[in-house]
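Enquirer: This structure is in structure tokens; I'll ask about it shortly.
The values are calculated or read from the model by the stated rules, or taken from the named source; none is laboratory data. None of these values were measured; they are calculated from a predicted model. Glycine gets a Cβ as well: all are built from the backbone with ideal geometry, and neighbour counts include every protein chain shown.
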Amino acid sequence: MCVVRNRAICSALDVNELGALNAIGRERKLAPGESLFWEGEDSVLVANVIDGVLKLSTSTEDGREQIVGVVYPSDFIGRPFGGASGHGVTALTEAKVCVFSRRDFDKFASEHPALEHKLLDRTLGELDRTRRWMLWLGRKSAPEKIAAFLLEMVDRLGEVAGCEARSEESAVRQLALPFSRQQIADILGLTIETVSRQFTRLRNEGIVDLPSRREVTIVDYDRLQAEAG
């Protein structure tokens with residue numbers, strides 16, 4: 001049984017419809033650093049993320065990479081109904097995706113209005129996240145960016161990564177970050193030195209603990225929210 005069934009776009013389908021959708025899809029595993037889509041290529045595939053975290057990235061004229069988004073389990077990736085991919089999609093962690101031929105998926109979606117409605121709903125949700133991202137990059141200070149980023153991780157990875165709440169008053173949440181410090185810097189438009197300083201400051205002030213460079217324990221959730229502005 002699909003672990004993201006109740007949160008993915010296929011939650012709009014009944015059992016028979018789900019079986020028909022599964023018949024046109026195939027499961028694919030990705031290693032960290034392996035690409036699924038490339039920027040500018042024709043949209044021939046779409047996919048639903050089952051497990052793992054992937055980045056959406058684009059390149060500047062001088063070859064620098066900019067991470068423009070992150071996708072998590074239950075997210076839908078690709079461009080249905082034609083067009084070229086506006087960004088590359090690469091696995092940050094080991095990942096599992098359900099891949100569909102774009103033409104087959106388009107035909108299936110046109111025959112199932114509930115799925116098209118779910119796609120629209122997901123697209124509007126992605127637009128809201130993009131607007132928040134623009135706020136982070138354009139208006140928030142470095143401390144606010146780091147705090148907002150960690151809160152986003154709790155929200156998106158909580159069910160998957162097993163965030164643990166030990167009490168209602170003082171929730172302790174543990175995150176296994178799929179990003180390096182440099183990747184966090186790229187996402188937030190900061191330098192790696194700034195990211196490292198802010199993590200150290202949050203630890204010294206007792207807001208988070210840092211068991212390792214890829215693990216964060218959020219000790220004081222309310223203070224982290226205040227940090228995010």
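Enquirer: State yes or no: is GLY33 over 22 Å from the mean Cα position of the chain (by Cα) and surrounded by fewer than 16 Cβ atoms within 10 Å (Cβ to Cβ)?
Expert: No: the conditions fail for GLY33.
Enquirer: Further question: Filter segment 170-219 for residues that are over 14 Å from ALA147 (Cβ atoms) and charged (D, E, K, R); which is modelled with the lowest pLDDT?
Expert: Once the filter is applied, the top-ranked residue is ASP186.
Enquirer: Considering only residues that are in contact (Cβ under 8 Å) with a residue 60 or more places away in the chain and assigned to a strand (DSSP E or B), look in segment 69-98 and name the one that is surrounded by the most Cβ atoms within 10 Å (Cβ to Cβ).
Expert: Step by step, filter segment 69-98, then rank; the result is VAL97.
Enquirer: Please go through segment 220-229 and give me each residue that is over 14 Å from ILE146 (Cβ atoms) and out of contact with any strand residue (DSSP E or B) (no Cβ under 7 Å at 6 or more places or on another chain), ordered by number.
Expert: ASP220, ASP222
Enquirer: Among the residues of segment 22-68, how many are touching a Leu at 6+ places or on another chain (Cβ under 6 Å) and either among the polar types (S, T, N, Q) or not in a strand (DSSP E or B) (or both)?
Expert: Summing the residues that are touching a Leu at 6+ places or on another chain (Cβ under 6 Å) and either among the polar types (S, T, N, Q) or not in a strand (DSSP E or B) (or both) in segment 22-68 gives 1.
Enquirer: When segment 173-184 is examined, which residues are found to be hydrophobic (A, V, I, L, M, F, W, C) and either part of a loop (DSSP other than H, G, I, E, B) or crowded, with 21+ Cβ neighbours inside 10 Å (or both)?
Expert: Passing the criteria: LEU177, PHE179, ILE184.
Enquirer: Scan segment 195-220 for residues that are in a helix (DSSP H, G or I) and surrounded by fewer than 18 Cβ atoms within 10 Å (Cβ to Cβ) and jot them down.
Expert: SER196, ARG197, THR200, ARG201, ARG203, ASN204
Enquirer: Further question on the same structure: Counting only residues that are charged (D, E, K, R) and in contact with a strand residue (DSSP E or B) (Cβ under 9 Å, 6 or more places away or on another chain), how many does segment 203-219 have?
Expert: Counting residues in segment 203-219 that are charged (D, E, K, R) and in contact with a strand residue (DSSP E or B) (Cβ under 9 Å, 6 or more places away or on another chain) gives 4.
Enquirer: Only one residue in LEU150, LEU120, LEU115, LEU124 is touching a helix residue (DSSP H, G or I) at 6+ places or on another chain (Cβ under 7 Å), over 25 Å from ILE207 (Cα atoms) and not in a loop (DSSP other than H, G, I, E, B), so which one is that?
Expert: Just one listed residue meets the conditions, LEU115.
Enquirer: If you don't mind, another one. Out of the residues in segment 125-151 that are out of contact with any Leu (no Cβ under 9 Å at 6 or more places or on another chain) and surrounded by 16 or more Cβ atoms within 10 Å (Cβ to Cβ), state the one that is modelled with the highest pLDDT.
Expert: Filtering first and then ranking leaves GLU144.
Enquirer: Would you please list the contacts, defined by Cβ atoms under 8 Å and residues six or more apart or on different chains, that run from a residue in segment 181-197 that is of a type in the set (Lys, Arg) to a residue that is surrounded by 18 or more Cβ atoms within 10 Å (Cβ to Cβ)?
Expert: Here the result reads ARG181/VAL195; ARG181/PHE199, each pair linking segment 181-197 to a residue that is surrounded by 18 or more Cβ atoms within 10 Å (Cβ to Cβ).
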